């Protein structure tokens, strides 16, 4: 907004900048570069761990956008992870399409599936929406279990000819002097990094846009937002379809990396929704930073405690409940309460020019 | 010692302060009226007494007992019943069920029973098994008052019982007041209709922007005084 | 032809089981607007509770459920009072996430204690007894008892809701929390009582879950979905609607299974989605609301 906007008494400006956006952007670039070059020094185990971390974080950002901003609390996002995975298998095995091209295609088709899905589940409100999405995910699972060309109930594996035909694999093998499986991991690593950064960037840009402002309004008070002319249905639909596309792409990548798919695993509520919800809640829902913090914590728990099986899951469930009850803004919320920090500034602040002294005396209407 | 007393009562909605240090008192059997413009804090005052808004314990005292921090469910058991603004009957309960639920928390024998309420408002007996949304505004108001009476309150708080009703209906409802007072019940009325309030109240408190601007007996107050107390000068 | 008639009869009987699953969920939503994602796991938990009581004391499951029901009432009351009441408010997320967490905890806790092995409640001859109707069709005694119990549960719930002071308090609280308090209703107690009651209904549902088929710690979420589908198909706000929803779901599943055994569950879900698409308020919505 320019100086000419509000002549009569006062000019205001809104800005989204945090404290030192330039410095943070620079740090982000350095980190990104370091992550991109990590394979030069890192071993294969670390690379695989990082792939896991990246896709969990990307899924968490998607769910955060849905639940934390659009108020669409879904417990059925596994529908799109599984769908993306199965689409990758269908496109490469049955369609003969290049795996890296299949990933964006899977995203596109997921979005197409999301439209009719939304038509039905959007009839349910609030908490009922949550269970409705779960039913839909079950329907997807049961349908794919019936689909014999993709292995039916037992699932199937990608043939080596496909996993080894990922473009760039020869180049990576030559450049870093590694064998085919390791080179395949590296391609997946960069794809996961790209998807994670892309998701993060997408969510960030959405939230800084006008539409993001509408999302914040919906989150804070749906009725009031509607009164201000926000078309809630359309905004929510757009978010639902966009996150379905991204979740589908992530699902495709996950199953390119895993190279084996089955309906029970691909549409698992624990793996693709419970963990993701846990990440977002522990980290801090409704912020971009929260899921990042949550994903790192989840990765560490997973790495060191996952062997405990059922007790580990009990611990996760308990931790989630405790955080929800006693620190509903998550760990990032606890941090920002103490320090005024924003790595991804999306909150608009009113910037008041110095001569705005008068504004202080203006009585705000009740 | 007054029967019910507020001392330096303040109330907030978030950051917004609705009441600034209100001192009032109510004697046994007395009727007081709270008047004032919209947004003066009258309803907030009743909500604070009824326990829907919590203050410091001492800010509301019943026979010297501090009750300012107690919840609404507790307050009604002490014999203070609120007829809320806008009636707010339970839509999924019938008229009779609405009356019965009025006595849910305070089950003590007293003058007010189902039959007695029906005698006070005979139309309710005819409508006893109807759903409350089907009642007229005046009938809803009668049911809301009856519901509050079913707890046999020692103090009845009435929030804008004339709101949105035709004058003839208002007169009907106010005609019930003497019978309620005859049982020894003290009454606090919040009322926009000054004429009505002046007619029935023993004393009047006028609120202005969350502060007490005038107190007195109706006969002793002049129009100018009230006008100034309403709108400031 | 007999095959189809049989499918219809078995479908209605199966609907009784789903109505039992759904009645508890319906009750929780009706009183405290709580959507409990752990509902299915709590049913399974109750089935294990009956199993343990029956096993330890050498009792018939029908007797064991009578002993387990009061225990479950107390557990439900405490759960609501200590944990779930803290989550209720304008924000939808806390109750959903806390019950989702509970679901994971219960499921894995049961896995830890009882392993993933299938279990079954044993009640002797009654399990396999059936009443022949002629024409090669027979009604199992347990499925019949399930349906009759579902009807009995719904009659009793309706009596509690529409004929007793506590039922009035349930409905009043559901209508308007603030004014309910003004009536002297202790909201958290009312909610806890409703949850205790829901747990008793769950105990009855668990009895038939365990008598009719095998169960293991992982089958909870599917039961939640069936219960939820029955509630939505029937229309919110009426226990009889919930029974009807259960029957519709049971019929869809048995008819689906009749076409292809693998389609049983899918057919139920699809019936739910069709109802949702065509009549989003359910088949028997309450007049007002």
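Just so you know, all these numbers are worked out from the coordinates, no wet-lab data involved. Note that the structure is a prediction, hence the values are computed from the model and not measured. Glycine gets a Cβ as well: all are built from the backbone with ideal geometry, and neighbour counts include every protein chain shown.
Quick one: give the max-minus-min coordinate of the C-alpha atoms of region B:118-233 along each principal axis, largest first, in Å.
51, 29, 24
Return the distance in nm (one decimal) between the two label points of a simple spin-label model at residue A:171 and residue C:138, each offset 7 Å from Cα along Cα→Cβ.
It is 7.1 nm.
Largest first, please: the extent of the C-alpha atoms of chain A along each principal axis, to the nearest Å.
73, 48, 43
To make sure I understand, if each residue's beta carbon is the centre and we count other beta carbons within 10 Å, what order do A:29, B:158 fall in, fewest to most?
Lowest to highest Cβ neighbour count: A:29, B:158.
Distance from the Cα centre of region A:183-261 to that of region B:148-217, in angstrom?
Cα centroid of region A:183-261 versus Cα centroid of region B:148-217: 57 Å apart.
Using only the Cα atoms, work out Rg/Rh for region C:143-211, with Rh taken as the Kirkwood radius, to two decimals.
Taking Rh as the inverse mean 1/r over Cα pairs, Rg/Rh reads 1.09.
Pop the C-beta distance of residue C:2 and residue C:159 into the FRET formula with R0 = 35 Å and round what comes out to the nearest 0.05.
Efficiency computed from Cβ-Cβ geometry: 0.35.
When the expected Rg is taken as 2.2 N^0.38 Å, what fraction or multiple of it is the alpha-carbon Rg of region A:74-154?
Rounded to two decimals, the normalised Rg is 1.16.
Just the Cα atoms of the protein assembly as shown, one point each, no solvent: what log10 I(q)/I(0) does Debye give at q = 0.04, 0.09 Å⁻¹?
Rounded to two decimals, the profile gives -0.24, -1.05.
Starting with the fewest neighbours, write out A:129, A:326, B:3 ranked by other beta-carbon atoms found within 10 Å of each beta-carbon.
Arranged by neighbour count, lowest to highest, A:129, A:326, B:3 become A:326, B:3, A:129.
Given R₀ = 51 Å, what would the calculated FRET efficiency be for residue A:258 paired with residue B:27, taking r from the Cβ atoms and rounding to 0.05?
For R0 = 51 Å, the calculated efficiency reads 0.05.
Output the 0 to 90 degree angle, nearest 10, between the alpha-carbon long axis of helix C:220-234 and the longest principal axis computed from the alpha carbons of chain C.
80
Just want to confirm a number: the relative contact order over chain A, from Cα pairs under 8 angstrom separated by 6+ residues, in percent.
That works out to 31 percent.
What is the spin-label model distance, in nm, from residue A:270 to residue C:240 if the labels are put 7 Å beyond Cα along the C-beta direction?
4.3
From the mean inverse distance of alpha carbon pairs (Kirkwood) and the Cα radius of gyration, derive Rg over Rh for region A:200-247.
0.98
Once every DSSP H run of n ≥ 4 in chain A is given -39500 (n - 2.57) and the sum is divided by its residues, what mean residue ellipticity at 222 nm do you get, rounded to the nearest 500 deg cm²/dmol?
It lands at -21000 deg cm²/dmol.
Write down the Kirkwood hydrodynamic radius of region A:8-162, to one decimal in angstroms, obtained as one divided by the mean of 1/r over all alpha carbon pairs.
Kirkwood hydrodynamic radius for region A:8-162: 19.1 Å.
What percent antiparallel are the DSSP beta bridges of chain B, to the nearest 5?
If I count the DSSP bridges inside chain B, around 50 percent turn out antiparallel.
Using a 7 Å offset from the Cα along the Cα-to-Cβ direction at both residue B:113 and residue B:20, what is the distance between the two label points in nm, to one decimal?
Here the modelled spin labels are 5.1 nm apart.
From the gyration tensor of the Cα coordinates in region C:41-143, what semi-axes in whole Å does the equivalent ellipsoid have, largest first, with each one equal to sqrt(5λ)?
Largest first, region C:41-143 gives 34, 18, 14 Å.
Taking chain C as the reference, fit the longest principal axis to its C-alpha atoms, fit the long axis of helix C:2-32 to the helix C-alpha atoms, and give the angle between the two in degrees, 0 to 90, nearest 10.
On a 0 to 90 degree scale, this one is about 10.
How high is the relative contact order of chain C? Use alpha-carbon pairs under 8 Å, at least six apart in sequence, and give a whole percent.
37
Determine, from the Cβ-Cβ distance of residue B:123 and residue A:30 and an R0 of 60 Å, the FRET efficiency 1/(1 + (r/R0)^6), rounded to the nearest 0.05.
Approximately 0.15, to the nearest 0.05.
Averaged over peptide C:210-219, how many Cβ atoms belonging to another chain are found within 10 Å of each residue's Cβ?
Averaged over the peptide's residues, the number is 0.
Can you give the % of DSSP beta bridges in the protein assembly as shown that are antiparallel, to the nearest 5?
Around 60 percent of the beta bridges assigned by DSSP in the protein assembly as shown are antiparallel ones.
Per the helix-only calculation at 222 nm, which mean residue ellipticity applies to chain C, given -39500 (n - 2.57) for every DSSP H run of n ≥ 4 and division by its residues, nearest 500 deg cm²/dmol?
Value at 222 nm, helices only, nearest 500: -24500 deg cm²/dmol.
Cα centroids of region C:103-172 and region B:73-143: how far apart, whole angstrom?
Value for the Cα centre distance between the two parts: 39 Å.
Treating the Cα atoms of region B:63-183 as identical point scatterers in vacuum, please give the log10 of the normalised Debye intensity I(q)/I(0) at q = 0.14, 0.18, 0.21 Å⁻¹, two decimals.
Values returned for q = 0.14, 0.18, 0.21 Å⁻¹ are -0.56, -0.92, -1.24.
Considering the Cα trace of region B:1-121, what is its radius of gyration and what is Dmax, both in angstroms?
15.7, 46
Give me the angle, in degrees from 0 to 90, between the Cα long axis of helix B:137-149 and the longest principal axis of the Cα atoms of chain B, rounded to the nearest 10.
Here the helix axis deviates by roughly 80 degrees.
Could you rank the peptides A:205-216, C:47-58, B:35-46 by their average count of other C-beta atoms within 10 Å per residue, with the highest value first?
Per-residue Cβ counts within 10 Å, averaged per peptide and sorted highest first, yield B:35-46, C:47-58, A:205-216.
Order of C:109-120, A:98-109, B:193-204 by packing, highest average Cβ count within 10 Å first?
A:98-109, B:193-204, C:109-120
Divide, for region C:123-246, the radius of gyration over alpha carbons by 2.2 N^0.38 Å, where N is the residue count.
Dividing the Cα Rg of region C:123-246 by 2.2 N^0.38 Å gives 1.30.
Please give the per residue volume of the convex hull enclosing the alpha carbon atoms of region C:2-278, rounded to a whole number of Å³.
Measuring per residue, one finds 133 Å³ for the Cα hull of region C:2-278.
For region A:236-318, what number results from the quotient of the Cα radius of gyration and 2.2 N^0.38 Å?
Computed over Cα atoms of region A:236-318, the ratio equals 1.19.
For every helix of n ≥ 4 consecutive DSSP H residues, a contribution of -39,500 (n - 2.57) applies; sum these over chain B, divide by its total residues, and give [θ] at 222 nm rounded to the nearest 500 deg cm²/dmol.
The helix-only estimate for chain B comes to -9000 deg cm²/dmol at 222 nm.
Sequence gap at least 6, Cα distance under 8 Å: using those rules, report the relative contact order of chain B to the nearest whole percent.
Computed value for chain B: 27 percent relative contact order.
Please arrange A:234, B:219, C:281 by counting, for each residue, the other beta carbons lying within 10 Å of its beta carbon, fewest first.
Taking fewest neighbouring Cβ atoms as first place, the list is B:219, A:234, C:281.
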